[in-house]
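Readers should treat all values here as calculations from the given coordinates under stated rules, not as data from a laboratory. All values reported here derive from a predicted model rather than from experimental measurement. Counting neighbours? That spans all protein chains shown, and the Cβs are built from the backbone with ideal geometry, glycine included.
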Amino acid sequence: MKALAEMYLLSLTDVLVTSAWSTFGYVAQGLGGLRPWILHKSENQTTPNPPCVRAMSMEPCFHAPPFYDCKAKKGTDTGKVVPHVRHCEDISWGLKVVDSHTDI
């Protein structure tokens, strides 16, 4: 119950900064309709450049999307099938819904 309360409180903020892969952040951005700033994970103890990026939309990232095209009977880049689905900022293989009619 405390976790749900914390996610709800996060959703009430004016500006949201989340860590990459953050379930709390994904829930808060969805509840609050916020486009958060996402801090990238460091690799090999080096700071990413840039260290953070603005999310494309308020939608959460789907970490395990399907990648198989049944018609073609092979793997496909599902982030390029339709204009309103793109790869996530924090997980290269993840997918999220975006507004394809606005500049991101």
So, first residue over 26 Å from Glu43 (Cβ atoms) in segment 7-21, second residue outside any loop (DSSP other than H, G, I, E, B) and of a type in the set (Asp, Glu), Cβ within less than 6 Å, six or more apart or across chains; the pairs are none
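Just name the residue that is farthest from the chain's Cα centre (by Cα) out of those in segment 60-96 that are aliphatic (A, V, I, L, M) and surrounded by fewer than 16 Cβ atoms within 10 Å (Cβ to Cβ). Full working, then the answer.
Within segment 60-96, the subset aliphatic (A, V, I, L, M) is 64, 72, 81-82, 85, 91, 95.
With the extra rule that they be surrounded by fewer than 16 Cβ atoms within 10 Å (Cβ to Cβ), the set shrinks to 64, 72, 81-82.
Values: Ala64: 12, Ala72: 28, Val81: 18, Val82: 17 Å.
Only one residue tops the list, namely Ala72.
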Restricting attention to segment 15-59, and to residues there that are farther than 21 Å from Asp99 by Cα and charged (D, E, K, R), which single residue is surrounded by the fewest Cβ atoms within 10 Å (Cβ to Cβ)? Glu43
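If a residue must be farther than 18 Å from Gln29 by Cβ and either aromatic (Phe, Trp, Tyr) or assigned to a loop (DSSP other than H, G, I, E, B) (or both), how many such residues does segment 63-99 contain? Don't jump to the end; show me each part of the working.
Residues of segment 63-99 that are farther than 18 Å from Gln29 by Cβ, as a first pass: 64-83, 92-93.
The next check asks that each one be either aromatic (Phe, Trp, Tyr) or assigned to a loop (DSSP other than H, G, I, E, B) (or both); those that pass are 64-68, 70-73, 76-77, 81-83, 92-93.
So the count comes out to 16.
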Could you check how many residues of segment 23-54 are in a loop (DSSP other than H, G, I, E, B), in contact (Cβ under 8 Å) with a residue 40 or more places away in the chain and under 22 Å from Leu4 (Cα atoms)? 0
Ala3 versus (1) part of a loop (DSSP other than H, G, I, E, B); (2) surrounded by fewer than 17 Cβ atoms within 10 Å (Cβ to Cβ); (3) hydrophobic (A, V, I, L, M, F, W, C): which is the lone unmet condition? (1)
